[in-house]
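Below: the structure, in structure tokens.
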Amino acid sequence: MKTRALATLSVLALAAAIAPHPTLATDSSTVSYDLVTRRFDPMTAGEFDGRMRLRVTHDGIVNGTFMNTQGQIAHVIGGLTGTKIWLQIGNRSAVRQLTYNGTFVNSKLRVTAPHGLHTWTLEGTPASH
């Protein structure tokens, strides 16, 4: 009886180990966005333009890339809950990496990040193809 129970548990454990894990499976509800962006500080003249491509999973995980007008590409990570979004752009170990917080509504992005005496604003609208 004990041997049969152990054999059954072993088979169940093996089946669970090789079964696809639901959090690792690709979900077809991931949505992609292609945004034209501008980054500016109201206290400073000028702005920095770029292109951001984001993927948002069904559970709100945001990742993608940001390319500035000089062609430099940075990784983007973040999260989305309802219309509230947070983003980090660039290398995680960078001293000047900023965390942007704001809204993402109808494919329009507006986030801000305080940095010393400045507050950087990043706005994005859908790119026309």
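Coordinate-derived values only; no laboratory data. These figures come from a predicted structure and were not determined experimentally. Quick reminder, even Gly has a Cβ in these numbers, built from the backbone with ideal geometry, and neighbours come from all protein chains shown.
At a glance:
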quantity: The stretch 29-59, subset in contact with a strand residue (DSSP E or B) (Cβ under 9 Å, 6 or more places away or on another chain) and small (Gly, Ala, Ser), residue surrounded by the fewest Cβ atoms within 10 Å (Cβ to Cβ); calculated: Gly46
quantity: Residue list for the stretch 74-92, filter: of a type in the set (S, T, N, Q) and surrounded by 13 or more Cβ atoms within 10 Å (Cβ to Cβ); calculated: Gln88
